[in-house]
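Working notes, structure below.
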Amino acid sequence: MRSAVARAHAERMAARRELAHDAGDGDPDERLRAAGLTARASGENVAHAATVALAHSALWASPSHRANMLRRDFDRVGLAVVRDDRGEVWAVETFASRLQ
């Protein structure tokens, strides 16, 4: 379910060619709630790059994005990578704590 939320957001960003935590579909918490998921805490990383490796490298090099990946109380993750019609990568990592 979390990966479906991440995928829908990645597809929306790719279609709009807009890297954003809210690409007109709500912020990460709103998207989780709309999917029937609630979390004590949530976070999100988004990336746009030519390749998956470049997207990951950019996220890992960013202190705030790396902090999301390493945060101990995030015990759930949804991942999605889509390519647009140019072949560019749009990636979303949705993190959550204690989904209820």
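The values are calculated or read from the model by the stated rules, or taken from the named source; none is laboratory data. All figures in this text were calculated on a predicted structure; none of them were measured in a lab. A quick note on method: Cβ atoms are made from the backbone with ideal geometry, for glycine too, and the neighbour counts reach across all protein chains shown. Side chains included, ligands, DNA and RNA excluded: accessible areas come from the protein's heavy atoms. Shrake-Rupley method; radii C 1.70, N 1.55, O 1.52, S 1.80 Å.
Considering only the range 1-54, state which residues are over 14 Å from V89 (Cα atoms), within 10 Å of the chain's Cα centre (by Cα) and not hydrophobic (A, V, I, L, M, F, W, C).
R2, S3, H21, P28, G43, E44
Give just the number: which of (1) outside any helix (DSSP H, G or I); (2) surrounded by 14 or more Cβ atoms within 10 Å (Cβ to Cβ) does T38 not satisfy?
Here T38 clears every test but (2).
So, of the residues in the range 55-83 that are in a loop (DSSP other than H, G, I, E, B) and not basic (K, R), which turns out to be farthest from the chain's Cα centre (by Cα)?
D73
Here is a yes/no grid of residues against (1) at pLDDT 95 or above; (2) out of contact with any Leu (no Cβ under 6 Å at 6 or more places or on another chain); (3) farther than 21 Å from R71 by Cβ:
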position: A8; (1), (2), (3): yes, yes, yes
position: R17; (1), (2), (3): yes, yes, yes
position: H21; (1), (2), (3): no, yes, no
position: G24; (1), (2), (3): no, yes, yes
position: A34; (1), (2), (3): no, yes, yes
position: R40; (1), (2), (3): no, yes, no
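Each row is one residue, and each column tells you yes or no for (1) open to solvent by less than 50 Å² (accessible area, probe 1.4 Å); (2) among the hydroxyl-bearing types (S, T, Y).
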position: A55; (1), (2): yes, no
position: L59; (1), (2): yes, no
position: S64; (1), (2): no, yes
position: D73; (1), (2): yes, no
position: V77; (1), (2): no, no
position: R83; (1), (2): no, no
position: R86; (1), (2): no, no
position: A91; (1), (2): yes, no
position: A96; (1), (2): yes, no
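Just the residues that are without any contact (Cβ under 8 Å) to a residue 60 or more places away in the chain and either within 22 Å of S97 (Cβ to Cβ) or aromatic (F, W, Y) (or both), please, taken from the range 9-24.
Matches in the range 9-24: H21, D22.
Listed here are the residues, each with its yes/no results for (1) in contact with a helix residue (DSSP H, G or I) (Cβ under 8 Å, 6 or more places away or on another chain); (2) closer than 21 Å to D84 by Cβ; (3) open to solvent by less than 70 Å² (accessible area, probe 1.4 Å).
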residue: A8; (1), (2), (3): yes, yes, yes
residue: R16; (1), (2), (3): no, yes, no
residue: G24; (1), (2), (3): yes, yes, yes
residue: A50; (1), (2), (3): no, yes, yes
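Exactly one of these conditions fails for A61: (1) in contact (Cβ under 8 Å) with a residue 12 or more places away in the chain; (2) farther than 22 Å from R86 by Cβ. Give me its number.
Result: A61 fails condition (1) only.
Given the criterion out of contact with any Asp or Glu (no Cβ under 9 Å at 6 or more places or on another chain) and of a type outside the set (F, W, Y), identify the matching residue among A34, A41, A49, A91.
Within the list A34, A41, A49, A91, the selection yields A91.
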